[in-house]
Amino acid sequence: MTSSDASRVKDARFWKMCVANWFLHLYVFSMPALLAAQGRQQGAGPAMVGWAVLAFAIGMVLPGPLGAGLMERHSRKGVFLRALWFVGLIPTLGYATVPAAPWLIMLHGLQGMAFGVAQIALGTTLVNDILPSNLRSRGNAHYAWGGRLGIPMGLLLGELLVAHLPIGGCWWWALLPCAFAFLLVAPIEVPLKAPVKVPLFALDRFFLPRSWRLSLTLFAAPWLLGRVVGTAECTAPELLFLTIGVMLAGVGHVLSSRHVAGRLSAVASYGSLLLALCSYPLGSSLNRYVISLLVGFGVGAVSSHHLSDWVHRAAHCQRGTAQSTYMLSWRIAFAIGFFATACWALPIGYVDLFLCLACMVLRLAA
């Protein structure tokens with residue numbers, strides 16, 4: 001990479017988009033704790049939050065086939081900024097005033113639809129519009145990691161808000177990261193792209209069919225995170241250690257990616273996830289903070305390994321679509337895991353261990 005390339009990858013517009021993505025995930029993943037607190041006030045149990053998280057994931061999928069058409073028929077930045085109104089302010093007005101818990105599920109589903117559109121506009125379109133072709137793989141990885149770091153931090157933010165503020169105030173304080181994302185992207189000048197004629201419904205910018213194996217083998221990591229936080233028993237310190245574990249996994253992946261073969265890296269990442277699973281039943285004898293650290297590291301290791309494969313295996317014109325597929329696969333698996341715990345009270349144990357082993361075998365056989 002030449003020095004000019006190095007300066008272009010540090011383009012301030014790109015890094016603002018990465019930070020905006022971090023803010024968006026910070027905001028969205030703070031919602032489960034707030035929904036649980038609001039639901040308790042309205043007489044709803046953990047199952048309501050499970051349904052809401054599942055509704056969000058389904059909502060993300062629904063506008064996906066329209067994404068390519070939206071991007072070519074309208075201003076791409078305009079689509080993103082308008083979507084943020086439905087990610088943030090409009091649902092917040094509803095959350096603060098709805099009289100019954102079922103409305104929370106509907107509002108979270110609406111947020112999911114808007115978040116899906118925002119991610120198509122920002123992550124699969126605007127980011128690639130400003131990056132030179134030879135830096136898009138690296139740029140997509142940086143952008144995705146902004147979102148991945150926002151996930152555990154958002155869960156932690158939600159717990160902290162609920163612990164220290166009345167629920168009415170929580171909704172408005174939680175909205176700040178969404179507002180920051182809006183303010184970061186609004187002034188950015190994006191080069192005008194000539195419109196391309198695309199059908200109204202298309203998989204472009206939404207889902208990459210040939211990456212279905214990666215979607216299956218990624219499943220175990222976000223599933224486990226959803227299972228752990230779906231118990232509604234995670235404390236703020238435990239979520240802090242989980243966040244540290246995810247960050248350590250990211251650092252470990254960067255340090256090892258140049259020196260460890262791909263198959264060995266896969267074994268190591270799944271091995272760390274298996275270690276986390278084996279330690280979870282030892283909660284009575286093993287410090288829960290250590291378990292949270294192991295869970296975060298295992299989830300982060302598998303997610304990092306898959307992100308690298310997803311970005312670098314995509315064809316030149318498919319990197320944005322691969323980014324969307326990775327994000328959707330991650331969120332759907334997280335939602336299913338969260339739902340299984342919150343709604344079915346499925347204990348963490350042999351089912352999760354078998355699922356992790358199956359994903360590892362499929363990954364090594366691919």
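Any read-out appearing in this document is the output of simple, stated calculations on the displayed coordinates, not a laboratory observation. Being a predicted model, the structure only gives us computed values, none of them experimental. Please note: Cβ atoms are built from the backbone with ideal geometry, for glycine as well, and neighbour counts cover all protein chains shown.
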Problem - Förster radius 30 Å - calculated FRET efficiency between residue 361 and residue 248 (Cβ-Cβ, nearest 0.05) - result: 0.70
Exercise for the section: Could I get the Rg over Rh figure for the range 193-344? Both from C-alpha atoms, Rh via Kirkwood, rounded to two places. Expected result: 1.04
Fill in the blank from the handout: Ratio for the range 1-101, C-alpha Rg to 2.2 N^0.38 Å, reads 1.43
Fill in the blank from the handout: With +1 at each Lys and Arg Cβ and -1 at each Asp and Glu Cβ, the charge dipole magnitude of the range 178-249 around its Cα centre, to the nearest 20 debye, comes out at 440
Practice task
Convert each backbone phi in the range 353-360 into a coupling constant with the Karplus relation 6.51 cos²θ - 1.76 cosθ + 1.60 (shift: θ = phi - 60°), then list the ³J(HN,Hα) values in order as whole Hz, x for Gly and Pro.
Solution key: 5, 4, 4, 5, 5, 5, 5, 5
Fill in the blank from the handout: When 282, 66 are arranged by how many other beta-carbons sit within 10 Å of their Cβ, fewest first, they go 282, 66
Practice task
Using Cα pairs closer than 8 Å and at least 6 residues apart in sequence, work out the relative contact order for the chain, in percent.
Solution key: 27
Handout entry: Ranking of 263, 213, 363, 40 by count of other Cβ atoms within 10 Å, fewest first
Key = 263, 213, 40, 363
Problem - Per-residue Cβ neighbour rank within 10 angstrom, fewest leading, 304, 329 - result: 329, 304
Completion exercise
By the C-alpha gyration tensor axes a ≥ b ≥ c (rounded if a/c is under 1.5, else prolate when a/b exceeds b/c, else oblate), the shape of the range 182-245 is oblate
Problem - Mean projected area in nm² (Cα convex hull; one quarter of hull surface) for the range 46-195 - result: 9.6
Problem - Contact order relative to length of the range 45-126, as percent, for alpha carbon pairs under 8 angstrom and 6 or more apart - result: 53
Practice task
Find the centroid of the Cα atoms in the range 37-108 and in the range 162-205, then give the distance between the two in whole Å.
Solution key: 12
Practice task
State to the nearest 20 debye the size of the charge dipole of the chain about its Cα centre, where the only charges are +1 on K and R beta carbons and -1 on D and E beta carbons.
Solution key: 900
Completion exercise
Per the charge dipole of the chain (beta-carbon charges, Lys/Arg positive, Asp/Glu negative, Cα centre), the residue among 39, 156, 167 reaching farthest to the positive end is 156
Exercise for the section: Find which of 21, 97, 81 sits farthest along the positive direction of the dipole of the range 1-101, computed with +1 on the beta-carbon of Lys and Arg, -1 on that of Asp and Glu, about the Cα centre. Expected result: 81
Fill in the blank from the handout: Simple SL model, points at 7 angstrom along Cα→Cβ for residue 15 and residue 212; separation in nm is 4.2
Handout entry: Percent of Cα pairs exceeding the 19 Å cut-off, where the set is the range 264-313
Key = 31
Fill in the blank from the handout: the range 43-104: Kirkwood hydrodynamic radius (Cα pairs, Å) comes out at 13.7
Fill in the blank from the handout: In this structure, the FRET efficiency calculated for residue 264 and residue 286 from their beta-carbon separation, with R0 = 30 Å, to the nearest 0.05, is 0.65
Problem - Label-point separation in nm, residue 278 to residue 315, each point 7 Å along Cα→Cβ - result: 4.3
Exercise for the section: Just check the chain against the gyration tensor rule for me: Cα atoms, a ≥ b ≥ c as the square roots of the eigenvalues, rounded for a/c under 1.5, and otherwise prolate or oblate depending on whether a/b exceeds b/c. Expected result: oblate
